[in-house]
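K.L.:
Handing you a structure now.
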Amino acid sequence: MSSRDQRDAANELPNQPAARLAWVIQAPTQQELKRRYDLWARCYDADIGQPEDYLAPLETAKVAKVHLRPNARILDAGAGTGLSGQALQGAGFTDLTGLDFARDMLAAAAAKGIYKETIVADLSQQTALEDHAFDAVVTVGTTSQIPAESLRDYVRVTQPGGKVIVANWVEAWVERGYAAIQADFERQGRLALIEKGEPFAALPTTDPEIIYEIWVFEVLR
Ligand SMILES: C[S@@+](CC[C@H](N)C(=O)[O-])C[C@H]1O[C@@H](n2cnc3c(N)ncnc32)[C@H](O)[C@@H]1O
């Protein structure tokens, strides 16, 4: 990026954390969402990186600890700058792969040295990841943004008996079509919802109306 481009990008970012969050959430297309995340990458952690401002990563890592071995191969889908991976590492997990479509977000994640591998890929379509390559997929803060088709890939890349753990904005689960794909898998006997956590405000300081629940699925086959 030229210094002029950098100045323009900085000018375009809204100047308060809550406004930046809203600006990203309201991106009209996936392409624009990716672009806005890449701009937000420079201050995402400063905006919501404190555990007390963004509870979802730590809460998800606690649940993962109950269900997964420390050496489980975990795909952090929509890893962003790695806040979710940091929480998983803090809970003792050692085999983390981070995937995201926003290069600058993922570059910040890679720089933290917590992932064995980082992969730039778009979860709105089937990825090049191998079938059953992971013991678990963990995804934090993504269901309002990543298209529901991603659930098909999460199930495909997870080992039978493995888990898909979602820090879920429940409203988005239904509205964006995840619930319909979940029902499809359940009918086929491929997926079972085995735990639903209590609702909590995921971003209590920037937007207390965003309510998450942590859901754990088992991939049956
Ligand atoms: C709210 S952030 C969550 C990041 C991280 N998991 C966390 O909890 O801080 C959502 C992430 O999903 C990524 N994302 C959105 N749509 C995507 C897509 N179609 N494919 C891959 N990543 C996507 C964004 O780039 C962003 O980094």
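The values are calculated or read from the model by the stated rules, or taken from the named source; none is laboratory data. Small disclaimer: the values here were computed from a predicted structure and weren't measured. Cβ placement follows ideal geometry from the backbone for every residue including glycine, while neighbour counts extend to all protein chains displayed. Just the protein is used for accessible areas: all its heavy atoms, side chains included, with ligands, DNA and RNA removed. Shrake-Rupley method; radii C 1.70, N 1.55, O 1.52, S 1.80 Å.
K.L.:
Quick test of your reading of the structure: Glu130 fulfils all but one of (1) in contact (Cβ under 8 Å) with a residue 12 or more places away in the chain; (2) under 22 Å from Leu33 (Cβ atoms); (3) not aliphatic (A, V, I, L, M). Name the failing condition by number.
P.N.:
Only one criterion in (1) in contact (Cβ under 8 Å) with a residue 12 or more places away in the chain; (2) under 22 Å from Leu33 (Cβ atoms); (3) not aliphatic (A, V, I, L, M) is unmet by Glu130, namely (2).
K.L.:
Check off (1) open to solvent by less than 10 Å² (accessible area, probe 1.4 Å); (2) in contact with a helix residue (DSSP H, G or I) (Cβ under 7 Å, 6 or more places away or on another chain) for Ala56 and give me the number that stays unchecked.
P.N.:
Of the numbered conditions (1) open to solvent by less than 10 Å² (accessible area, probe 1.4 Å); (2) in contact with a helix residue (DSSP H, G or I) (Cβ under 7 Å, 6 or more places away or on another chain), the odd one out for Ala56 is (2).
K.L.:
Let me ask something else. Which residue pairs have Cβ atoms under 6 Å apart, sit 6 or more places apart or on different chains, and have a first residue in the stretch 29-48 that is over 12 Å from Glu12 (Cβ atoms) and not assigned by TED's automatic domain parsing to the domain that holds Leu83 and a second that is hydrophobic (A, V, I, L, M, F, W, C) and near the ligand (Cβ under 7 Å from one of its atoms)?
P.N.:
Lys34/Phe101; Lys34/Ala102; Tyr37/Ala102; Tyr37/Met105; Ala41/Met105
K.L.:
Mind listing just one residue for me: the one in the stretch 152-170 that is within 27 Å of Gly49 (Cβ to Cβ) and touching a residue at least 60 places away in the same chain (Cβ under 8 Å) and, of those, farthest from the ligand (Cβ to nearest atom)?
P.N.:
We begin by selecting, within the stretch 152-170, every residue within 27 Å of Gly49 (Cβ to Cβ); these are 154, 163-170.
From the residues that got through so far, the ones that are touching a residue at least 60 places away in the same chain (Cβ under 8 Å) too are 154, 163, 165, 167.
Details: Tyr154: 12, Lys163: 17, Ile165: 12, Ala167: 7 Å.
The extreme case among them is Lys163.
K.L.:
A further question on this structure: Determine which member of the set Leu39, Leu55, Leu33 is within 13 Å of the ligand (Cβ to nearest atom), of a type outside the set (S, T, N, Q) and closer than 30 Å to Glu130 by Cβ.
P.N.:
It is Leu33.
K.L.:
Considering only the stretch 135-151, state which residues are near the ligand (Cβ under 9 Å from one of its atoms), among the polar types (S, T, N, Q) and in a loop (DSSP other than H, G, I, E, B).
P.N.:
Thr142, Ser144, Gln145
K.L.:
Could I ask something else about it? Scan the stretch 72-111 for residues that are of a type in the set (Asp, Glu), surrounded by fewer than 24 Cβ atoms within 10 Å (Cβ to Cβ) and either within 15 Å of the chain's Cα centre (by Cα) or near the ligand (Cβ under 10 Å from one of its atoms) (or both) and jot them down.
P.N.:
The initial filter retains those residues of the stretch 72-111 that are of a type in the set (Asp, Glu), namely 76, 95, 100, 104.
Checking which are surrounded by fewer than 24 Cβ atoms within 10 Å (Cβ to Cβ) leaves us with 95, 104.
The answer is Asp104, and nothing else.
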